[in-house]
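Worksheet for the structure shown next.
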Amino acid sequence: MKRLGRRGFLRMVGAAGLGWLAAACGAPSVPSPSPGSPSTPQAPLEVASPPPPSAIPSLTPTRRPLGNANVPGMYVRYFQPFYPPTREEWRLEVSGLVERPRTFRFEEIRSEMPKVTREARLKCVECWSARRTWGGFTYEALAQIVHPLPEARYVEFRCADTYWEVLSTEELAREGVVFAYELDGALLPDEYGAPLRLLVPWKYGYKMPKAIVSLEFKAEGGKGYWPTVGPYTPEGDIQPGTDHPLDLGKGPRTIPGGEITAY
């Protein structure tokens with residue numbers, strides 16, 4: 001199977017083509033709604049052009065925009081091209097149903113929350129994967145600072161490229177989840193989600209927001225971006241199917257579903 005990026009598939013075949021891709025990788029597809037149905041996605045499927053620097057508050061216009069690239073070892077995937085923030089200007093706003101809302105600077109998240117590391121294989125719904133070592137902090141460490149209220153059952157993530165995703169606090173609190181700012185012992189590169197991204201090893205990559213700029217604690221959940229506009233499951237759990245491990249330089253593997261731990 002030819003490995004095309006998500007943008008290429010969107011432009012070539014639209015939502016129907018994405019359903020075929022998800023089925024090939026083992027992800028259950030979602031039936032397309034009929035024309036005129038209230039559930040018909042309203043968001044455009046075309047990926048927007050990079051926004052002008054003046055439209056992005058607090059970002060440095062001289063930094064080059066990031067987009068998708070088939071980089072050897074681990075591909076680069078973003079919702080749309082964007083200008084990444086520097087670590088100096090980046091802020092993480094934590095708001096919503098918490099006792100202590102907080103806006104963190106990059107050095108504050110490193111100094112105030114204990115660092116954990118986790119070696120895990122990131123799996124994309126496009127059928128490829130890559131095993132890397134991730135460093136960052138846990139949900140528990142964050143919760144000890146901002147004190148989520150009892151009714152806060154979900155977190156909505158917003159990203160520098162305007163991507164959004166929603167995960168439950170129960171999922172985020174599970175062992176193995178990392179709010180990552182390091183990759184293989186060094187600071188996370190822009191290409192892979194700097195300054196901060198999420199790692200949830202048993203879910204597809206679209207459930208792992210990158211270049212995170214805000215977390216809002218909520219009582220009710222919702223769909224992330226890709227389940228809203230295409231045939232992706234809101235849960236994003238890895239399904240039985242096929243995997244192409246880019247870091248091994250070998251052929252495809254059959255996987256049983258869930259976190260890939262066999263190789």
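Bear in mind that the values in this text are calculations on the coordinates, not laboratory data. Just so we're clear, the structure is a prediction, and the values are computed from it rather than from any experiment. Please note: Cβ atoms are built from the backbone with ideal geometry, for glycine as well, and neighbour counts cover all protein chains shown.
A few points about this structure:
Residue by residue, here is whether (1) within 19 Å of the chain's Cα centre (by Cα); (2) farther than 21 Å from ARG174 by Cα holds:
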| residue | (1), (2) |
| --- | --- |
| PHE82 | yes, yes |
| TRP90 | yes, yes |
| ARG102 | no, yes |
| CYS127 | yes, yes |
| THR133 | yes, no |
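- Checked against the criterion of being touching a residue at least 24 places away in the same chain (Cβ under 8 Å), surrounded by 15 or more Cβ atoms within 10 Å (Cβ to Cβ) and not in a strand (DSSP E or B), the candidates THR228, THR261 yield just one match: THR228.
- Top-ranked residue of region 202-239 - restricted to ones that are closer than 18 Å to LEU122 by Cα and aliphatic (A, V, I, L, M), ranked as farthest from the chain's Cα centre (by Cα): ILE238
- The number of residues in region 109-150 being among the hydroxyl-bearing types (Ser, Thr, Tyr), surrounded by fewer than 19 Cβ atoms within 10 Å (Cβ to Cβ) and assigned to a strand (DSSP E or B) comes to 2.
- Single match in ARG153, ARG158, ARG253 (criterion: surrounded by fewer than 19 Cβ atoms within 10 Å (Cβ to Cβ), free of Cβ contacts under 8 Å to residues at least 12 places away in the same chain and basic (Lys, Arg)): ARG253
- Annotation note: of GLU175, GLU191, GLU170, the sole residue that is without any contact (Cβ under 8 Å) to a residue 40 or more places away in the chain, surrounded by fewer than 20 Cβ atoms within 10 Å (Cβ to Cβ) and in a helix (DSSP H, G or I) is GLU170.
- Residues of region 211-237 that are among the β-branched types (Val, Ile, Thr) and in contact with a Ser or Thr (Cβ under 9 Å, 6 or more places away or on another chain): THR233 alone.
- Checking each residue in region 102-130 for being under 22 Å from ALA160 (Cα atoms) and either of a type in the set (Gly, Ala, Ser) or out of contact with any helix residue (DSSP H, G or I) (no Cβ under 7 Å at 6 or more places or on another chain) (or both) picks out THR103, PHE104, ARG105, PHE106, GLU107, GLU108, ILE109, ARG110.
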